[in-house]
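J.: Can you keep this structure in mind? I'll have questions shortly.
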Amino acid sequence: MINQRYIEQFQQLETPFYFYDLDLLRATLDTVKREASKYNYVVHYAIKANANEAVLKTLTEYGFGADCVSGNEVSKAIELGIPNSKVAYAGVGKSDKEIKTALQHQIFSFNCESIPEIEVINEIAGKMDVVAPIAIRINPDVDPQTHKYITTGLKDNKFGINHWDFDEVGRILRSLPNIKLTGIHFHVGSQITDISVFEQLSLKVNKIHEWFEQNGFHLEHINVGGGLGINYDDPQAQPICDFAAYFKAFNDHLELKEGQQLHFELGRSLVAQCGHLISKVLYVKQGLETQFLILDAGMTELIRPALYQATHKVSALTSNLPTEKYDIVGPICESSDVFGRKVDLPKSKRGDLIAIHSAGAYGETMASTYNMRDLVKAYNSDELK
Ligand code: LLP
């Protein structure tokens, strides 16, 4: 899965570090572009998934828009050369400073998550003498059947505006002079592997869309967010997601009016499989019933297992001995700092290299310096060529 010539170079580098296979990223982006263009769909990349410079530059070359969740992400998108007309900005807690930044950049859309937020954007836009294009983020109450920490579209989640507030939203929208409603926005969750969830979402969108039409709001765009899941168990079997089936689900079920555009905000499905966390075995320690493989990477580099009980496939890069069972753990002073329990891995020793796969999304961007550790480094296939 990782070419031998890179593994030889890894041995000269200080671990732990992220390694991005930009060739796989390009192959993924080619597929997304081809499949989305069949229906004229507009794809934004959710920067929060991976903001590594080389990854961002590659994404920018493909002409995708940006989905941002902070003022800094908005500024980064503009700095990368992504046209402001392709920058969307979501988030339940946009600060005044962030709203100003986004207004100055004249972004495509504020995805608004509450009535008080719409009022504040109107007020700030008024002071700046501009009109803010907004989309209402709606909570459609669709269960994405994923981990509860990455479920966003249920009625008791903090995200979006619920249907019982629509009349109030309509009244407010008509009364605010510095707001222009241009669309509606949805994002029901992340790591969704059941395509029927997107079919259900599409049917809900049709109903909600109808309410807006009936109430005199003609929408220029509908944004259905991201969420397409990847294969963590067997990344090699599916290095590129089934984007054809994903976009087809929307084409078959979501009804667009003449001239309306459908937007997507994909994060994980674009970048997860191209990233690997490369680590070294520090110690092999015999436990009571298991042996611990203690790595130099931990939850500070990849927090997903500790935070979401996520499992990432782990492989040995420098040993091909018969397998043994290991509890693979990091060095951090937390019992949740575990990558896997009772994992079959070729017998390993101090100094062996280990790869933790499918780590390109929500890996490096969620890294921390907890325990005063160094922030994790990253390399890519273009620079190691
Ligand atoms: N749009 C909005 C409004 C979002 O909140 C998100 C992700 C996306 C798009 C992109 O979703 P994706 O295509 O990547 O599923 N840290 C978690 C995932 C958090 C997702 C947050 N929102 C994880 O490691 O699983």
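J.: Suppose a student asked you for the relative contact order of the chain, using Cα pairs under 8 Å spaced at least 6 residues apart; what percent would you report?
T.: Contact order relative to length: 20 percent.
J.: How far apart, in nm, are the 7 Å Cα→Cβ label points at R341 and D141?
T.: Once both label points are built, they end up 3.7 nm from each other.
J.: For the chain, give me the percentage of DSSP beta bridges that are antiparallel, rounded to the nearest 5 percent.
T.: 40 percent
J.: Would you tally the net charge around D352, using a Cβ to Cβ cut-off of less than 12 Å, leaving D352 out, and scoring K and R as +1, D and E as -1?
T.: +3
J.: Using the basic label-point model (7 angstrom from Cα toward the beta carbon), what is the K349 to A245 distance in nanometres?
T.: According to this spin-label approximation, the distance is 4.4 nm.
J.: Okay, next question. What aspartates and glutamates could a cross-link reach from K325, if we take a straight Cα to Cα line under 14 Å and drop same-chain neighbours fewer than 8 places away?
T.: In chain and number order, the partners are E289, D344.
J.: Please name which of N157, G126, Q200 has its Cα lying farthest along the dipole of segment 87-228 towards the positive end, using unit charges on Cβ (Lys, Arg +1; Asp, Glu -1) and the Cα centre as origin.
T.: It is G126.
J.: Once you charge only the Cβ atoms, +1 for Lys and Arg and -1 for Asp and Glu, what is the size of the charge dipole of segment 22-271 about its Cα centre, to the nearest 20 debye?
T.: 400 debye
J.: Between K57 and Q12, how many nm apart are label points set 7 Å from Cα along the C-beta direction?
T.: 2.0 nm
J.: Taking the Cβ-Cβ separation of E168 and D382 as r and a Förster radius of 51 Å, what is the calculated FRET efficiency to the nearest 0.05?
T.: 0.50
J.: Find how much the distance from C333 to K148 grows on full extension, using 0.36 nm per residue of separation minus their present alpha carbon separation; answer in nm with one decimal.
T.: 64.1 nm
J.: For a label point 7 angstrom out from the Cα of D374 toward its Cβ, which stretches of segment 5-26 have the backbone nitrogen within less than 16 Å?
T.: 10-19
J.: For a quick check: with amide H placed at 1.01 Å from N, whose amide H comes under 5 Å from T152's, ignoring anything fewer than 5 positions away on the same chain?
T.: Placed amide hydrogens put G189, S190 under 5 Å from T152.
J.: OK, next. Rounded, prolate or oblate for the chain? Axes are the square roots of the Cα gyration tensor eigenvalues, ordered a ≥ b ≥ c, and the cut-off for rounded is a/c under 1.5.
T.: Prolate.
J.: Mind scanning K38/K127; K38/K94; K33/K148; K33/K180 and naming the pairs with a C-alpha gap bigger than 32 Å?
T.: Beyond 32 Å: K38/K127; K38/K94.
J.: What value, in deg cm²/dmol to 500, does the helix sum -39500 (n - 2.57) over DSSP H runs of n ≥ 4 give at 222 nm once divided by the residues of the chain?
T.: Result for the chain: -8500 deg cm²/dmol, rounded to the nearest 500.
J.: Taking the Cβ of I161 as the centre, find all other residues whose Cβ is under 10 Å away and add up their charges (Lys, Arg: +1; Asp, Glu: -1).
T.: That works out to -3.
Computed from the coordinates by the stated procedures, all read-outs in this text should not be read as laboratory data. Bear in mind the structure is a predicted one, so any value in this text is a computation, not a measurement. A quick note on method: Cβ atoms are made from the backbone with ideal geometry, for glycine too, and the neighbour counts reach across all protein chains shown.
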